[in-house]
Amino acid sequence: MSNASRIEGSRQYGGVLILTVRLNGWDFKLLADTGAAFMVITKDAANLLGIDLRHPERMEKVIVASKTIGRAPVINIREVKVGGYQVNDLEALVLEFPPELRIDGLLGVNFLERFRPTFEFDIATLVLRGRK
């Protein structure tokens with residue numbers, strides 16, 4: 001594997017970066033979000049992955065813009081692959097998004113912090129580099 005992996009996406013909704021991310025062998029559209037502590041997927045995505053939401057790892061408080069909006073199930077995703085990099089056994093919250101967003105979740109900091117990410121917004125690309 002090369003030192004850097006370039007992942008082309010698309011810019012939508014005012015400029016945010018949407019990427020194709022492979023979860024347990026399935027492709028999903030996730031918004032790259034450095035403001036989200038955890039990866040997030042929707043209930044539909046969790047169901048497609050065969051994840052039993054009746055038995056989550058735990059429940060986590062969800063805070064948005066300094067306001068607690070409730071609790072969400074925390075699940076484990078066996079394989080998260082972005083470009084040439086893969087992370088195993090990554091925790092994710094399960095939350096719903098407005099349907100007009102047409103995304104399957106968020107690629108959060110608990111994935112991104114494992115690398116040295118660079119956002120090239122002018123060409124809608126995320127560059128991941130391994131940590132030294």
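Derivation of every value follows stated rules applied to the coordinates shown; laboratory data play no part. Every value quoted in this text rests on a predicted model; they were computed, and no experiment measured them. Every residue, glycine as well, gets a Cβ built from its backbone with ideal geometry; the counts of neighbours run over all protein chains shown.
Remarks
- Of the residues screened, ILE77 is one that is closer than 30 Å to ASN3 by Cβ and in a strand (DSSP E or B).
- Pair list, Cβ under 6 Å, 6 or more apart: the range 31-45 residue touching a residue at least 40 places away in the same chain (Cβ under 8 Å) and under 12 Å from VAL21 (Cα atoms), other residue of a type in the set (Val, Ile, Thr) and not in a strand (DSSP E or B): LEU31/ILE103
- When the range 1-30 is filtered for residues that are in contact with a strand residue (DSSP E or B) (Cβ under 6 Å, 6 or more places away or on another chain) and free of Cβ contacts under 8 Å to residues at least 24 places away in the same chain, the ones remaining, listed by number, are GLN12, VAL16, THR20, ASP27.
- Hits in the range 1-12 (condition: out of contact with any Lys or Arg (no Cβ under 6 Å at 6 or more places or on another chain), surrounded by 12 or more Cβ atoms within 10 Å (Cβ to Cβ) and over 15 Å from ASP122 (Cα atoms)): SER5
- In this structure, GLY105 does satisfy being on the phi > 0 side of the Ramachandran plot and either among the β-branched types (Val, Ile, Thr) or surrounded by 12 or more Cβ atoms within 10 Å (Cβ to Cβ) (or both).
- Matching residues, the range 52-95, being more than 20 Å from PRO117 (Cα to Cα) and in contact (Cβ under 8 Å) with a residue 40 or more places away in the chain: LEU53, ILE77, ARG78, LEU93, VAL94, LEU95
- Considering residues of the range 104-132 that are touching a strand residue (DSSP E or B) at 6+ places or on another chain (Cβ under 7 Å) and among the acidic types (Asp, Glu) only, the residue farthest from ASP27 (Cα to Cα): GLU120
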